[in-house]
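Notes follow once the structure below has been shown.
Bear in mind these aren't lab numbers, they're just calculated from the coordinates by the rules spelled out. Note that the structure is predicted; figures quoted are calculated from it, not measured. Virtual Cβ from ideal backbone geometry, glycine too; neighbours counted across all protein chains shown.
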Amino acid sequence: KRTVSIIGTGSYVPERIMTNAELEKLVETSDEWITTRTGIKERRIAAEGEFTSDMAAKAGLNALENAGITAEEVDLILVATVTPDMFFPSTACFVQSKIGAKHAACFDVSAACSGFLYAIEIAQQFITSHTYDTILVIGAEKLSSIVDWSDRNTCVLFGDGAGAAVLRHRGGGHGVVSTFMASDGGLSDILYIPGGGSRFPITKENADTRVNCIKMNGKETYKHAVTSMLDATNKVLADANLDPKDLACVIPHQANLRIIEAIAHRMDLPMDRFMINLDRYGNTSAAAVAIALDEANRTGRMKVGDYVLLVVFGGGLTWASSVIQW
Ligand code: ACO
């Protein structure tokens, strides 16, 4: 079997920082509530004319540079997002045109916050089967465009940004060791956007009811986040024949610090083993684990040969994990 490696990572976040203090002016909330319940201190907000594909292209170019390859070498671009520029063409097609990856096939992956790891698994399969050699996987979101800024239950949680990884067969044995994906469509109503699709199109009558914004049952989502991420973790560790203590670094979905603490506790691992940047970026959905992976890579948290666990959950519900030997 061909070993599939991450040969470069990249990320991009918009310049504009929105602090908890600013949210205090929008809704009935406080820095203290947001910090103690979520761990989030600030998030990035894209400029009005800055779209998901712009952030995705910047993160993608950053990853190609890190890998030391050109856009023309990319065979496939996968963009995981719940905030595509448009329903079609895919955001991946816009990225292709922006970065000049003229030999690439392009499509988007819809698995909410789990999208980046779903896309990693798809990329791995294409490379293992010798269909493609070089794949650019991007998680990118402009969640500020689908947040109901009058709903304090959700608006304090989310932010914008993009992260990317270049996957290739490198030889030498190190790479993706095990992956796992799962879904439960029976839980679709705890985290979703009702309007804007074929089931509930936006009309003159419902346009101002924010049907095109995120709806979330926070408590239910929290509960399933912990159990599903532990399930995904146990599956890949068993498959890779590893113990939690063998992991040099865990890169979890950046939704809520308390969710990560609950997982660390159940895995019996210290918190310093976990890559955390949600205090600065909030939850950026499909981009979150990708941005955190790039930060972990660039700050030298993984040494060659280290085992790294990526683990996510999101709307669907969906959940997924990967163990990678760096
Ligand atoms: N500021 C102040 N008070 C608030 C706020 C806020 N921003 N939001 C809610 N509250 C209030 C609630 O109204 C409630 O008040 P009440 O008791 O008078 O009804 C009170 O705070 C407590 O609310 P809880 O729901 O009990 O708070 P909880 O401790 O569960 O924390 C939170 C809420 C942070 C949303 C938590 O449930 C959570 O993180 N859930 C998971 C969310 C998540 O991960 N979402 C994304 C997943 S996937 C994706 O990324 C798309």
* Asked: Which of the peptides 35-42, 116-123 is most tightly packed, and how do the rest follow, going by the mean number of other Cβ atoms within 10 Å of each residue?
  -> 116-123, 35-42
* **Pairwise centroid distance, computed over Cα atoms, of the stretch 263-326 with the stretch 186-231, Å** => 24
* Structure fact -> In the chain the DSSP beta bridges are antiparallel at a rate, in percent to nearest 5, of 70
* Asked: Around residue 52, what is the net charge, scoring Lys/Arg as +1 and Asp/Glu as -1 over all other residues with Cβ under 15 Å from its Cβ?
  -> -3
* Structure fact -> If one builds a Gaussian network model of the chain from Cα atoms under 10 Å apart, the most fluctuating residue listed among 85, 184, 231 is 184
* Structure fact -> For 71-83, 192-204, 139-151, 264-276, ranked highest to lowest by mean beta-carbon neighbours within 10 Å, the order is 71-83, 139-151, 264-276, 192-204
* What relative contact order, as a whole-number percentage, does the stretch 4-169 give when Cα pairs under 8 Å and 6 or more residues apart are counted? -> 34
* Structure fact -> Summed over the other residues with a beta carbon less than 15 angstrom from that of residue 174, with K and R at +1 and D and E at -1, the charge totals +3
* Among the listed pairs 1/245; 245/303; 58/102; 235/303; 98/142; 1/303, those beyond 22 Å (Cα-Cα) -> 1/245; 235/303; 1/303
* Contact order normalised by residue count of the stretch 104-221, Cα under 8 Å, 6+ apart, percent -> 23
* Structure fact -> Burial-style ranking of 164-175, 215-226, average other-beta-carbon count within 10 Å with highest first, yields 164-175, 215-226
* To do: Compute the distribution of all C-alpha to C-alpha distances in the chain, in bins of 10 Å from 0, and list the percent of pairs in each, rounded to whole numbers.
  => 6, 28, 37, 22, 6, 0
* Asked: For the residues 107, 180, what sequence is obtained by ranking on other C-beta atoms within 10 Å, fewest first?
  -> 107, 180
* If we count other beta carbons within 10 Å of each Cβ, what is the order of 281, 132, fewest first? -> 132, 281
* Asked: What is the spin-label model distance, in nm, from residue 238 to residue 200 if the labels are put 7 Å beyond Cα along the C-beta direction?
  -> 3.7
* Asked: So what is the relative contact order for the chain, in percent, with contacts set as C-alpha pairs under 8 Å and at least six apart?
  -> 26
* **Around residue 148: net Lys/Arg minus Asp/Glu count, Cβ-Cβ under 12 Å** => +1
